[in-house]
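The values are calculated or read from the model by the stated rules, or taken from the named source; none is laboratory data. Note that the coordinates shown come from a computational prediction; the quantities given were computed from them, not determined experimentally. FYI the Cβ positions are ideal-geometry reconstructions off the backbone, even for glycines, and counts take in every protein chain you see. In case anyone asks, the SASA skips ligands and DNA or RNA and just uses the protein heavy atoms, side chains included. Shrake-Rupley method; radii C 1.70, N 1.55, O 1.52, S 1.80 Å.
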Amino acid sequence: PRSNERRGNDGPLACAVATAAGAVVLRLARAAAPRRGRVRSAAALRAERWAGERRTPKRAGRAGGRKGQRPPRGKQMWKTEEELEALLGRLKQADRPTRLKQIENMPDYRRPGGPSAADVEAVVDEMTRQNVAQEFNVFDRDRDDPLTKGIRMMTTPGLRQRLVCCKGCGIPLQTHNPDTVGYVRFIKYLQKYKRRMHNRVFCTRCLDLQKGMLLPVVRETLGPNADQPGAGMNGHQVPASVLTEQLATIKKRVCVVLYILDIVDFSGSFVQSLRKYVGGNPVLVIATKTDLLPKRTDLEAVEAWLRVALRNRGLAAEEVCLVSNKSGAGISNAMRTLLRLKEGKDVFVVGAANAGKSMFINRMLENLEKTFEDSQVWKCDRPLVSSVPGTTLGIVPLRAFQSATNPNKKTMLYDTPGVHVPNSLQNLLPIEVYNVVQPTRDFSVQTFRPARDILNLMRDTGEIPTVETTQAWLRRPLRYSWGPPKMPPVIVLEIMPPISP
């Protein structure tokens with residue numbers, strides 16, 4: 001090592017003398033030093049001191065001494081072996097899942113040469129834990145059936161919030177069986193989950209219903225084709241009892257019930273055992289499809305008749321409102337009546353299948369948004385509307401009554417599955433002709449005059465109307481039929497003789 005003193009400018013002789021003197025001093029110091037270690041340079045001592053400060057935690061106060069000082073030898077800073085094992089057990093993480101062998105060396109998904117969506121789904125199925133499906137309060141969308149375990153969890157208090165359900169039909173989502181309800185591709189679900197939008201996903205059946213396809217899955221709505229192979233959704237059918245058992249939770253709640261009736265098909269849309277589902281909660285009756293009545297119909301007389309008919313069937317209603325989902329007539333009156341009866345309670349919309357529940361909810365939400373500007377109805381999802389009976393398969397919660405000024409004060413609106421009435425006309429017709437016979441305009445009053453029609457038929461056939469030929473025609477039955485062109489008639493009216501001229 002060189003001397004720390006600054007060298008002079010005395011020439012090469014002075015430099016050589018200084019170097020020799022430094023070497024002699026270093027040898028003497030090494031000889032006089034104890035055996036515990038050799039003499040190190042100042043730079044080495046500074047590096048060792050700095051490393052000791054990094055290894056030794058800084059302690060303040062009386063217990064630690066000066067900053068950066070090593071702890072005394074008598075005090076042990078490290079934990080025992082048992083404590084370290086317990087700490088490692090708490091910090092132990094699950095092993096990172098590995099890829100399948102067939103895609104182990106391939107790039108990531110959606111990159112050139114990467115695995116397809118089916119390969120990624122196969123990887124997820126391979127890595128899914130086996131014990132999740134056996135847990136009572138966990139729904140595994142990769143293995144569990146939404147119609148059995150999903151419905152059971154929906155009807156169990158406290159477990160409904162753990163399910164991720166379809167935004168349209170309300171059934172729990174699943175990713176393993178595309179031939180049944182609630183199916184969604186795992187890749188699509190994963191993309192929505194990354195954006196925290198997995199609660200706003202439509203299943204494949206609801207997407208097809210939005211396109212106008214007829215996909216009935218409830219067995220009672222399949223008509224005479226229910227027992228044929230492949231009937232329903234690729235052979236899968238949903239019993240109506242699975243849907244109605246969800247309504248049993250309404251009687252355990254303190255709520256207001258909106259009972260939707262089809263005024264055109266009153267007998268086919270009236271639920272005989274309504275009180276078995278709703279208990280003693282107040283009922284507000286909404287009669288829809290008034291736009292299908294003849295134009296000169298007295299709606300006040302219809303409302304009075306409806307009150308008497310409900311009383312004769314043993315249903316005590318708080319109020320009765322007549323509305324039209326198509327034109328919007330009477331929606332504002334029904335909305336004000338509901339808000340007066342609600343009083344901070346939740347609202348459940350019940351009724352027969354295809355009575356117009358979802359369409360009425362859409363209309364009411366539009367009126368709420370226009371009437372109350374400070375509300376947050378615009379954030380509320382709209383239920384799926386379809387002409388197929390049995391579109392809604394689960395209870396769909398809607399945040400329809402949340403206020404912007406007081407967001408903590410909110411009540412829910414629930415769209416429920418339709419109750420299937422056995423004597424309803426829609427349960428007796430095949431699904432292929434269901435949309436054909438559905439009325440789309442108001443009914444007209446038609447008066448039949450058989451004698452005049454017989455004379456017109458005689459003229460069309462070229463037969464000369466005499467007394468004998470006319471009496472022969474009047475002794476025949478006269479038949480009127482209605483239906484779509486080039487298809488069998490839907491309604492047939494036959495007038496038997498004798499027909500008065």
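Just checking, how many residues over the range 246-272 are surrounded by fewer than 18 Cβ atoms within 10 Å (Cβ to Cβ), in contact with a Ser or Thr (Cβ under 9 Å, 6 or more places away or on another chain) and either under 30 Å from Gly158 (Cα atoms) or modelled with pLDDT of 90 or more (or both)?
So the answer is 1.
Which residues, counting only those in the range 167-190, are open to solvent by 20 Å² or more (accessible area, probe 1.4 Å) and not aliphatic (A, V, I, L, M)?
Matches in the range 167-190: Lys167, His176, Asn177, Pro178, Asp179, Tyr183, Arg185, Phe186, Lys188.
Where residues in the range 191-213 are open to solvent by less than 60 Å² (accessible area, probe 1.4 Å) and in contact with a helix residue (DSSP H, G or I) (Cβ under 8 Å, 6 or more places away or on another chain), which of them is modelled with the lowest pLDDT?
His198
Please count how many residues of the range 432-463 are open to solvent by less than 70 Å² (accessible area, probe 1.4 Å), polar (S, T, N, Q) and part of a loop (DSSP other than H, G, I, E, B).
1
Suppose we keep only residues that are in a loop (DSSP other than H, G, I, E, B) and open to solvent by 60 Å² or more (accessible area, probe 1.4 Å) within the range 346-395. Which one would you say is nearest to Leu274 (Cα to Cα)?
Across the range 346-395, the extreme among qualifying residues is Val385.
So Pro229 fits all but one of (1) farther than 18 Å from Tyr434 by Cα; (2) in contact with a Gly (Cβ under 9 Å, 6 or more places away or on another chain); (3) surrounded by 14 or more Cβ atoms within 10 Å (Cβ to Cβ); what number is the exception?
Of (1) farther than 18 Å from Tyr434 by Cα; (2) in contact with a Gly (Cβ under 9 Å, 6 or more places away or on another chain); (3) surrounded by 14 or more Cβ atoms within 10 Å (Cβ to Cβ), only one is false for Pro229: (3).
For the range 358-390, how many residues are among the hydroxyl-bearing types (Ser, Thr, Tyr) and in contact with a Leu (Cβ under 6 Å, 6 or more places away or on another chain)?
1
Could you tell me which residue of the range 149-168 is farthest from the chain's Cα centre (by Cα), considering only residues that are small (Gly, Ala, Ser) and at pLDDT 80 or above?
Gly150
Only one residue in Val308, Val285, Val302 is of a type in the set (A, V, I, L, M), touching a residue at least 24 places away in the same chain (Cβ under 8 Å) and either more than 27 Å from Arg275 (Cα to Cα) or assigned to a helix (DSSP H, G or I) (or both), so which one is that?
Testing whether each residue is of a type in the set (A, V, I, L, M), touching a residue at least 24 places away in the same chain (Cβ under 8 Å) and either more than 27 Å from Arg275 (Cα to Cα) or assigned to a helix (DSSP H, G or I) (or both) leaves just Val302.
Take the range 303-312 and flag every residue that is surrounded by fewer than 16 Cβ atoms within 10 Å (Cβ to Cβ) and among the hydrophobic types (A, V, I, L, M, F, W, C).
Ala304, Trp305, Val308, Ala309
Examine the range 131-148 for a residue that is at pLDDT 70 or above, open to solvent by 20 Å² or more (accessible area, probe 1.4 Å) and not in a loop (DSSP other than H, G, I, E, B), and state whether such a residue exists.
yes
For a quick check of your reading of the model, give me the residue pairs whose first member lies in the range 387-401 and is among the charged types (D, E, K, R), whose second is open to solvent by less than 30 Å² (accessible area, probe 1.4 Å), with beta-carbon atoms closer than 8 Å and at least 6 apart or on different chains.
Short answer, once both residue conditions are applied: Arg399/Cys380; Arg399/Leu413.
Within the range 278-292, how many residues are open to solvent by 30 Å² or more (accessible area, probe 1.4 Å) and within 19 Å of Gly356 (Cα to Cα)?
Going through the range 278-292 one residue at a time, the tally reaches 2.
I'm checking my understanding of the structure. Among residues of the range 315-342 that are part of a loop (DSSP other than H, G, I, E, B) and within 18 Å of Lys251 (Cα to Cα), which one is least open to solvent (accessible area, probe 1.4 Å)?
Among them, the one singled out is Leu315.
Quick test of your reading of the structure: Leu243 fulfils all but one of (1) open to solvent by 40 Å² or more (accessible area, probe 1.4 Å); (2) within 21 Å of Leu398 (Cβ to Cβ). Name the failing condition by number.
(1)
Which one of these does Arg205 not meet: (1) outside any loop (DSSP other than H, G, I, E, B); (2) in contact (Cβ under 8 Å) with a residue 60 or more places away in the chain; (3) touching a Cys at 6+ places or on another chain (Cβ under 8 Å)?
Failing condition for Arg205: (2).
Considering the range 149-166 alone, what residues qualify as being of a type in the set (Val, Ile, Thr) and open to solvent by less than 20 Å² (accessible area, probe 1.4 Å)?
Ile151
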